[in-house]
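Peer 1: What follows is a structure written as structure tokens; I'll ask about it next.
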Amino acid sequence: MIRILVVEDQALVLGAIASLLALENDFTVVGTAPNGRAALEMMADCRPDLVVSDIEMAEMGGIDLAQHLKHDAPGVAVVMVTTFARPGYLQRALAAGVRGYLLKDTPSRELAQIIRRVMAGERVIDPQLGDLTQTDDPLNDRDRELLRLAEQGHSNKTIARLLDKAPGTIRNHLSEILQKLNAVNRIDACRIARQMGWL
């Protein structure tokens, strides 16, 4: 039996995925969680072989969850099921050790087959997303941290204080980020980074 933990913040979708997977003779749904943090807290009790997770969730998203599992439970496979066909999400998910990446319009029968393939050692990416792996993420972790603070509406001065940097350093760094993203201002930079899944 393949032991599965389902992680999804929309209750109806969570229930639907869990119910569909439970119909398979070789699957056991050992738990459901509304976000990555809750899933991590359940790991010891559930002992899943595989986690099916959404990407964007409050408290902790699917990519952060996958990174935690990569270090703390490397034997647990992760399959992402998302509405977002964004290159940045796909690349970050693969870097976090995710073994399956599917769009939510995947038929339930295919999801079951993909889970079996992943458990057999394959990496499965939705065919619609194949070319997205060619789009390079120009941002590093420091860029992302700065953009998230800017997205929250913080001024350069406040960001500088929060990161213990000089305001001029923050201004210069944000200017470099705008160039990397070909953005006209910080709002545009945040929009582009979100749209591409880099943030």
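Just so you know, all these numbers are worked out from the coordinates, no wet-lab data involved. What you see is a predicted model; the values in this text were computed from it and never measured. Virtual Cβ from ideal backbone geometry, glycine too; neighbours counted across all protein chains shown.
Peer 1: Grab the other residues whose beta carbon is less than 15 angstrom from that of Asn140, score K and R as +1, D and E as -1, and report the net. Spell out each step's value before the answer.
Peer 2: Numbers: positive: Arg92, Arg142, Arg144, Arg148, Lys180; negative: Asp136, Asp137, Asp141, Asp143, Glu145, Glu176.
Cβ neighbours under 15 Å give a net charge of -1.
Peer 1: Okay, moving on. For the stretch 81-199, just the Cα set please: Rg and Dmax, both in angstrom.
Peer 2: Answer for the stretch 81-199, Rg first and Dmax second: 17.8, 55 Å.
Peer 1: I've got another one for you. Relative to the present Cα-Cα distance, how much length would full extension add between Asp188 and Glu176 at 0.36 nm per residue of separation? Don't jump to the answer; show the numbers that get you there.
Peer 2: On the way: separation 12, 0.36 × 12 = 4.32 nm, distance 1.36 nm.
The span from Asp188 to Glu176 would gain 3.0 nm if fully extended.
Peer 1: With each run of n ≥ 4 DSSP H residues scored as -39500 (n - 2.57), what mean residue ellipticity at 222 nm is computed for the chain after dividing by its residue count and rounding to the nearest 500 deg cm²/dmol? Write out the running numbers ahead of the final one.
Peer 2: Details: 9 runs with 100 residues, N = 199.
Per the formula, -15500 deg cm²/dmol.
Peer 1: Further, regarding this structure: Nothing charged except the Cβ atoms of Lys and Arg (+1) and of Asp and Glu (-1): what's the magnitude of the dipole of the chain about its Cα centre? Round to the nearest 20 debye. Can you show the working numbers first?
Peer 2: Values: 23 positive and 26 negative charges, 112 e Å.
So the magnitude is around 540 debye.
Peer 1: Another question, if that's okay. Residues with amide H under 5 Å of Glu56's amide H, sequence separation 5 or more or different chain, H placed in the peptide plane at 1.01 Å from N; which?
Peer 2: Excluding prolines and chain starts, which carry no amide H, the hits are Gly62.
Peer 1: What is the projected area of the convex hull of the Cα atoms of the chain, averaged over all directions, in nm²?
Peer 2: Numbers: hull surface 47.0 nm².
The orientation-averaged projected area of the Cα hull of the chain comes to 11.7 nm².
Peer 1: Could you give me D for the stretch 3-110, from Stokes-Einstein at 25 °C and 0.890 mPa s, where the hydrodynamic radius is the Kirkwood radius over C-alpha pairs? Units µm² s⁻¹, please.
Peer 2: Values: Rh = 13.5 Å.
Taking Rh from Cα pairs, D becomes 182 µm²/s.
Peer 1: Can you check what the net charge comes to around Ile187, using other residues whose Cβ is under 13 Å from the Cβ of Ile187 (Lys, Arg +1; Asp, Glu -1)?
Peer 2: Working: positive: Arg186, Arg191, Arg194; negative: Glu151, Asp188.
Local charge sum for Ile187: +1.
Peer 1: While we're looking at this one, here's another question. Can you tell me which of 84-91, 38-45 comes out highest on packing, and rank the rest after it, using the mean Cβ neighbours within 10 Å?
Peer 2: Working: 84-91: 20.2, 38-45: 15.5.
Highest mean packing first, the order is 84-91, 38-45.
Peer 1: Net charge within 11 Å of Gly197 by Cβ-Cβ distance, Lys/Arg positive one each and Asp/Glu negative one each, not counting Gly197 itself?
Peer 2: +1
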